[in-house]
Amino acid sequence: MRCPSCSHEEDRVVDSRATKENSAVRRRRECLKCGKRFTTYEYIEHTPLMVVKKDGRREHYSREKTMNGLLRACEKRPVSREALEKLVDEVEDAIGRRVRDEIPTQEIGNEIMKLLGGLDQVAYVRFASVYREFKDVTQFLDELRSLLEKKGHIAR
């Protein structure tokens, strides 16, 4: 570490502690040449998660895009913003555990649908209609039947 005062490259760590959020380590250092004290922070470097789109394009994962899709699906439904934030947190935790640099949009969509089905069935069907690109009413009805079967409302 280079001293901000004299540019000397040798120092000693005087104090070291985690930040409040435990997201970084704060270190107090003292330059061995001029005695000036300064603070440095050490962070974990996260590689950005890349999303592989259906057409093969790659782009950075965007929490905002995920949230916007859920907000559209839940429009005029009794689903709080907090519940959606929690759902997105759970989706991000699930995809983060896969420890990869890239993830297909299908995996993200499937994870969202798995959680959204338990939150609001109408929002689930709305999201599914866009995500699965329903071409006709038959596909829509098939998804409804599948949802009702899972809930035990229709005998198989």
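At-a-glance table
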{"quantity": "Answer from Phe140, Phe134, Phe127 - the residue that is surrounded by 13 or more Cβ atoms within 10 Å (Cβ to Cβ), free of Cβ contacts under 8 Å to residues at least 60 places away in the same chain and within 24 Å of Met50 (Cβ to Cβ)", "calculated": "Phe127"}
{"quantity": "Filtered residue count, the range 1-47, keeping only those that are more than 30 Å from Glu92 (Cβ to Cβ) and of a type in the set (Lys, Arg)", "calculated": "7"}
{"quantity": "Residue match in the range 52-63 (condition: among the acidic types (Asp, Glu), in a strand (DSSP E or B), assigned by TED's automatic domain parsing to the domain that holds Leu119 and within 23 Å of Glu107 (Cα to Cα))", "calculated": "yes"}
{"quantity": "Conditions (1) outside any loop (DSSP other than H, G, I, E, B); (2) of a type in the set (A, V, I, L, M, F, W, C); (3) closer than 29 Å to Glu149 by Cα: number failed by Val79", "calculated": "(1)"}
{"quantity": "Meets criteria (touching a helix residue (DSSP H, G or I) at 6+ places or on another chain (Cβ under 7 Å), at pLDDT 90 or above, crowded, with 18+ Cβ neighbours inside 10 Å and not in a helix (DSSP H, G or I)) for Val91", "calculated": "no"}
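Conditions (1) surrounded by fewer than 13 Cβ atoms within 10 Å (Cβ to Cβ); (2) within 30 Å of Arg2 (Cα to Cα), marked per residue:
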site	(1), (2)
Arg27	no, yes
Cys31	no, yes
Pro48	yes, yes
Ser62	yes, no
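The values are calculated or read from the model by the stated rules, or taken from the named source; none is laboratory data. If you're wondering where the values come from, they're calculated on a predicted model, not measured in any experiment. All Cβ positions, glycine included, derive from the backbone under ideal geometry; neighbour counts span all protein chains shown.
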